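Below: the structure, in structure tokens.
Laboratory data are not the source of any read-out in this text; all were calculated from the coordinates shown. The structure displayed is predicted, hence computed values, not measured ones. For neighbour counting, all protein chains shown are included, and Cβ atoms are generated from backbone atoms with ideal geometry for every residue, glycine included.
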Amino acid sequence: MTDSQRSSRKALKWLLPITVLLIAAAGVFLTKGGHPSAYYVSIYKGQSEEILYQRQVDLNDKLTLNYIHSADKTPISAVFEITEEGLHLTEERYSWYGAGLEAGSGHSFEFKDQEVTVSGYDRLFEEMPVRVARTVPQEIVINDDVVLLDELAPGGKLLIIRIDYR
């Protein structure tokens, strides 16, 4: 065997595994399309990585946080759109227009059926901290799924809500 043939065999010895790896990597990228295959609303216990609740969702699905305002004692519904970046606040609904509730300009207000709806927000939450109330109910509604926060953790505990993907 000549030196030229030996050099060619050495080159092929390394070229073949590298080619196989490149083809495999390209296949994974192409089948995934470079995008996550699924999105999830995840509720974590405080700043830990312990997941207390998780549900698969689609982008543009709505998540609603229902709670009682601590000062005004009025029910509040905060509506978020699920995006790749996180939770995008789109509107809030409440029946009593008092202190601490949105009153700034640049938002759209609608008064209907004994309720105020404020929209026109441009607020993104990459993660949303929520402290579980001790005295009033709080719930997350995603499509038809209702999650009572006090069933996930006792009053006073911090929960973190975020959008995860795989």
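Distance between the modelled labels on Leu59 and Glu126, one decimal in nanometres: 1.9 nm (7 Å Cα→Cβ projection). Extension gain for Ser37-Ala133 works out to 31.1 nm (0.36 nm per residue, less the C-alpha to C-alpha distance).
Taking only the C-alpha atoms of the stretch 39-165, the Rg (one decimal) and the largest Cα-Cα distance, Dmax (whole number), read 14.5, 41 Å.
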